[in-house]
Amino acid sequence: MSLRAKALYTFQSENKEEISIQENEELVIFDENSVDGWLQGENSRGERGLFPASYVQIIRLRSGSNLTDQSLSSPGSSPGKDLSYIHTPSTTLPSDDDDDWDDWDETSTVVEDEDPRRGVGANGHSQSPYSNPNVHYRAKPHMERQDSMSSNRKGSMVGRNLNRFSSFVRSGVEAFVLGDVPMMAKIAESYSIEMGPRGPQWKESPQPFSCSIEDPTKQTKFKGIKTYISYRVTPSHTGRPVYRRYKHFDWLYNRLLHKFTVISVPHLPEKQATGRFEEDFIEKRKRRLILWMDHMTSHPVLSQYEGFEHFLMCGDDKQWKLGKRRAEKDEMVGAHFMLTFQIPNEHQDLQDVEERIDSFKAFAKKMDDSVMQLTHVASELVRKHLGGFRKEFQRLGNGFQSISQSFLLDPPYSSDALSNAISHTGRTYENIGEMFAEQPKYDLFHMLDKLSLYQGLLSNFPDIIHLQK
């Protein structure tokens, strides 16, 4: 049943699933139950799509009266004598209860697993069946997995097309800012912010630790039908190893994105459709997983996350499933996560904060451009080392070898010592070519690994700053 509504504020769409609405515009609502803070409806121009639930006022006639009431709380209106305000709860995405430790596809993410019926558009957001207004569908996921930036991209800062109603806002941050988040009766977790010499900072972890990732091993199941790589993960504070596949890292990464919307979580190493079991790729993924894990364990907040501890310590299949589902049902995400903050008492001047944020934004943009430039140059140099340089030295070596063989065709005047010397020179140049091909393993590969981690960190800051604004 369709309902009439009135737009309280102007909203400009930036994604194809959304529609723009103007202040005081009359709208048609297909379903008054919001999904993660979004409604589906039609504007006065006949466009159908999503718009923020808190930006509209649903108009409903009361029986025996011409008065209307509002079913969705909005930030800009106050209760009147003839109006009743009812906050519509958001719908949460269900988790897959049949998910198993091993029966989880390598390419899946937590977002994809939550609702297999949802299509994904070119921009990574869910496609909406606008053609049928009676179809009930789920809005865009809270946060989708972003793979590591590739060297041929223009810049890691333009990876997502997000406006102020991005996935961050859909997880409840707008409600937090507007004061619509209900206070929890009991908040079990707490994250402290303290004043450091350079301003506010996270309080250091009381029990810092590290974690090693070793021994990537090819494993099979279903009598060899499915093959995967398993890593031995050993946290220093327990000393007990657990074995994890890439999909388990991917699950953890999505949980971190979903919960810590105001913290930059670097991307995981990229996925690869082919060549996943080639030695070079396995070694590259291992190096980058080590860097990613080092960052996680050194972060005072991410390292204390219950889901992270479960990832590092659980070795039992049944307990893994229980802990996984518990993490996916965590309520302290989005706006609720902000309720866990213990903030310092020192007053922060608003203008000073704005200036520091603008300064950091300029730094992050410049740093992102510089990292992308250095990554491109280093990648080109690696390509030359593995291809051009080696090939040219091999050609040079082959030329000397040909000269050596030519002398052998004139026996009366040939000299074995001279021929052997020329042949040795040729082999030396061929070896130099192989040394050029090996050289990136000792410097450029490690530099590119570190640059990839920085790209993943820097690409998140525009969203986080936008959220803060």
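The values are calculated or read from the model by the stated rules, or taken from the named source; none is laboratory data. Here the structure is a predicted model, which is why all the values come from computation and not from measurement. No Cβ is skipped: glycine too gets one built from the backbone with ideal geometry, and neighbour counts run over all protein chains shown. Please note that ligands, DNA and RNA were not included when accessible areas were found on the heavy atoms of the full protein model with its side chains. Shrake-Rupley method; radii C 1.70, N 1.55, O 1.52, S 1.80 Å.
For segment 338-349, state whether one or more residues are within 27 Å of Tyr454 (Cβ to Cβ), over 22 Å from the mean Cα position of the chain (by Cα) and not in a helix (DSSP H, G or I). There is at least one residue in segment 338-349 that is within 27 Å of Tyr454 (Cβ to Cβ), over 22 Å from the mean Cα position of the chain (by Cα) and not in a helix (DSSP H, G or I).
Any idea which of Phe249, Phe281, Phe222 is at pLDDT 90 or above and not hydroxyl-bearing (Ser, Thr, Tyr)? Please lay out each step first, then the result.
Details: Phe281 fails: at pLDDT 90 or above; Phe222 fails: at pLDDT 90 or above.
Just a single option satisfies the conditions, and that option is Phe249.
Within segment 307-325, the set of residues being more than 19 Å from the chain's Cα centre (by Cα), part of a helix (DSSP H, G or I) and in contact (Cβ under 8 Å) with a residue 12 or more places away in the chain comprises His310, Leu312, Met313, Asp317, Trp320, Lys321, Gly323, Arg325.
Would you confirm whether any residue within segment 326-337 is open to solvent by 80 Å² or more (accessible area, probe 1.4 Å), assigned to a helix (DSSP H, G or I) and over 22 Å from Ser192 (Cβ atoms)? Checked against the condition, which is being open to solvent by 80 Å² or more (accessible area, probe 1.4 Å), assigned to a helix (DSSP H, G or I) and over 22 Å from Ser192 (Cβ atoms), segment 326-337 yields at least one hit. Of all residues assigned to segment 364-373, at least one qualifies as being more than 19 Å from Met195 (Cα to Cα), of a type in the set (Val, Ile, Thr) and open to solvent by less than 60 Å² (accessible area, probe 1.4 Å). Tell me, yes or no, whether segment 397-413 has at least one residue that is modelled with pLDDT under 90, in contact with a Ser or Thr (Cβ under 9 Å, 6 or more places away or on another chain), farther than 30 Å from Lys271 by Cα and not in a helix (DSSP H, G or I). The answer is yes, given that some residue of segment 397-413 is modelled with pLDDT under 90, in contact with a Ser or Thr (Cβ under 9 Å, 6 or more places away or on another chain), farther than 30 Å from Lys271 by Cα and not in a helix (DSSP H, G or I). Which ones in segment 443-459 are within 16 Å of Asp369 (Cβ to Cβ) and either in a loop (DSSP other than H, G, I, E, B) or over 17 Å from the mean Cα position of the chain (by Cα) (or both)? Answer for segment 443-459, where residues must be within 16 Å of Asp369 (Cβ to Cβ) and either in a loop (DSSP other than H, G, I, E, B) or over 17 Å from the mean Cα position of the chain (by Cα) (or both): just Ser459. Each residue in segment 374-388 was checked for being more than 12 Å from Pro440 (Cα to Cα), in contact (Cβ under 8 Å) with a residue 24 or more places away in the chain and open to solvent by 70 Å² or more (accessible area, probe 1.4 Å), and 2 pass.
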